[in-house]
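Here the structure is laid out as structure tokens; the discussion comes afterwards.
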Amino acid sequence: MWICHKLKSCLLDNLLPPSQRCSYECEKKPTGPLNRKKLIEHINKQALETPDKPEFKPYVAGTIRGKKWIPPENVNQKEADEQIAIDLGDEYEQALSQATQDEIIDLAAILGFHSMMNQDQYHASLLNKGQPLGLGWDGITKASQPKVFPPEPPNDTNIELSIQMVKEDNYDLKHLNWNNIKNISDEKFEQLFEALKDNTNLETLSLTNTGMTDRTAIKLAEALEKNCTLKVVNVETNFISPDGIVRLMKSLLNQRSLEEFRATNQRSQVLGNKIEMEITKLVESNPTLLRLGLHLEYNDARHRIASHLQRNIDRIRKDATLRPKFRFFNLHNIKKNIKNLIK
């Protein structure tokens, strides 16, 4: 009863500190301040001085106490081992026992045991080149040495001349490549995009890794709204924001003549769900777009865009009157004709 009364009195007083709510009361006075190091030493000393409890049965080396554990027999493993054991016959066993290391590697390549060899051994067996030195069963596994390719030459396109040719609507200028040209001013971009509005011959425009920003992307979108002959536009590896990409996608719905648009690897690697859904709706409204180069994170957007692009390709492929108007199908026909001529 006293404990219950004490607890009730503590619970009623909400302002009572936690140190005073405990029912433990020590009447002894503290001998001094707490010394943590001495306390731990005292506990360790007491633990060492306390004798162990005596064993009912003394330990004797080599004797087994109680029952000895025997692992159960694995019946499934035994059946699998019996099934794997195949009698090849004396003739085959003798041939395999006398086979050299290179012959066993060739046999493994023929049977398709790719996990038993590396790529160099496998291709050497298929091409009958003989095994490379140091790549046998006891050899050290090493990575194949990569081939050294020479660096690409710098882009030597004359910016002033190409802008002048676009302005003059030169018939010979079908493809314009400004890829990897550094330090192109915004004024040059504006001059090019202004000339694109009235151009009727240019079909491919490549502006990869040229430092384009949203300001120049808006100018390009205005040009795409008026140009009706461009078929391919590539603005990959620039500094265009997701809103700038949406603005470019909207501009494709005006003329509906562009077949391929690429804009991956921009300033923002992740577009976001809202932007991706907006791009998906714009693509689904475009009946002429056949290829799109964008990194999409969400499966729904990827699936819907891929399905729509495939529907566009199938619809144009079935219509003989539409095929000549699209560069995509004309290139495929040229490749087929070249293959037939080679044969």
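The numbers here are math on the coordinates, done by the rules we state, and not lab data. These numbers come from a predicted model, not from an experiment. All Cβ positions, glycine included, derive from the backbone under ideal geometry; neighbour counts span all protein chains shown.
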Quiz item: Which entries of Lys219/Lys325; Lys281/Lys318; Lys231/Lys281; Lys226/Lys274; Lys147/Lys188 show an alpha-carbon separation above 31 angstrom in the structure shown?
Solution: Lys147/Lys188
Exercise. Please sort by residue number the trypsin sites (Lys or Arg not before Pro) in the range 147-205 whose DSSP state is loop and whose Cβ has at most 15 other Cβ atoms within 10 Å.
Key: Lys147, Lys174, Lys182, Lys197
